Amino acid sequence: MNPNPGDISMKSLQRLVIVMPVFNDWESFGLLLKQIDFLAKGKKLWLDVVAIDDGSTESYLRIKSDIQDLSTIRKVNVIRLARNLGHQKAIAIGLAFINDKLSYDAVIVMDSDGEDQPQDIFRLLDAYSKDKQSIIFALRQRRSEGIVFGIFYFFYRFLFDILTGKKIAFGNFCLIPEENLQRVVYFPQIWNHFAAGIVHAGLPWKSIPTDRGQRFAGKSKMNFVSLIIHGLSAISVFIEILAVRLMLFGFFVILLGIIGLLVLFYIRYLTPLAIPGWATTVAFGLTVIMFQAMTFLLVLLFLVLNSRSNLLFVPAKHYKDYFMSLERLA
């Protein structure tokens, strides 16, 4: 372990808060705190940690005695949520709490299992020292998952690009300057997918290349279904763009159907060519397809219009709805 991951000037950054969602990963969380504390020695940091207990069934008190000797991290607070919401919503609640209750210059969002490597915190800080206006994301260049995950991840990024017209290749690990966080917590989109919400908001952001680390302990709580839902949540953030693109596709299908019927009509009534026996079946099929496309367009239109009238969850205003307690861990 390298206690000095670079000659990085921290003079302009006094107060740093790290927020991490945790669901039963308390052993990994404790080990991560120790590594961060070790790497931060000698840095001019005012370092606090906020863990979001996302409805864990295991108590965090099991690691309390192991992290009492932290020398650089000033405080470790645990926000207990009333129920399990998933790590995206847990992050949104943590950010809203920090913006509302704590003093800070910047906030780091990261996972608690070790896959977001603690030494990369200082690389984010280095990038922040050169650009204090942008959100800095950690872009994973090398991943530790298997081939199957890599294939599905490639198709997810491809679909995301096709359906939304946007590109997203990073996760939650990032640094958010104070001024940007004051705006981020008012974006309802981060409630569904944090990274996609930032891209949707149009805030300035950049990324730095990083490698994915290995879990410190235990197994990932993410399964195949969870990953699919996570990907769909990212796409849903751009529901209006998605709706427009699907509508254009629907109109294209209807146009092709009309052209097909006109061709059949032309051959049947305006040329001496014989109409094959399957022409009637084709005409009926084209009519059914056009009817389905029109029905799809109408349903999609009303769904989008209805979603615009629904009350949105704004983290800055509503985060206390799931807030159960705030407790000091170290």
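The values are calculated or read from the model by the stated rules, or taken from the named source; none is laboratory data. These numbers come from a predicted model, not from an experiment. Ideal geometry is used to build each Cβ from the backbone, glycine not excepted, and the neighbour counts take in all protein chains shown.
Restricting attention to region 203-244, the residues that are β-branched (Val, Ile, Thr) and under 22 Å from residue 28 (Cα atoms) total 1. Among the residues of region 148-197, the one identified as within 23 Å of residue 243 (Cα to Cα), β-branched (Val, Ile, Thr) and outside any helix (DSSP H, G or I) is 168. Look at region 152-181: where a residue is farther than 25 Å from residue 114 by Cβ and a partner is surrounded by fewer than 14 Cβ atoms within 10 Å (Cβ to Cβ) and of a type in the set (Lys, Arg), sitting 6+ places away or on another chain with Cβ atoms under 6 Å, you get 161/167. Selection over region 87-132 of residues that are under 19 Å from residue 195 (Cβ atoms) and out of contact with any helix residue (DSSP H, G or I) (no Cβ under 8 Å at 6 or more places or on another chain) gives a count of 12.
Applying the selection to region 49-65, what residues are surrounded by 14 or more Cβ atoms within 10 Å (Cβ to Cβ) and either of a type in the set (Ser, Thr, Tyr) or at pLDDT below 90 (or both)? Those that are surrounded by 14 or more Cβ atoms within 10 Å (Cβ to Cβ) and either of a type in the set (Ser, Thr, Tyr) or at pLDDT below 90 (or both): 56, 60. Applying the criterion of at least 1 residues that are surrounded by fewer than 12 Cβ atoms within 10 Å (Cβ to Cβ) and at pLDDT below 85 to the helices (runs of 4 or more DSSP H) found wholly in region 228-330 leaves 239-270, 279-307. Applying the set (1) surrounded by fewer than 20 Cβ atoms within 10 Å (Cβ to Cβ); (2) under 23 Å from the mean Cα position of the chain (by Cα); (3) not aliphatic (A, V, I, L, M) to residue 46 leaves exactly one unmet item: (2).
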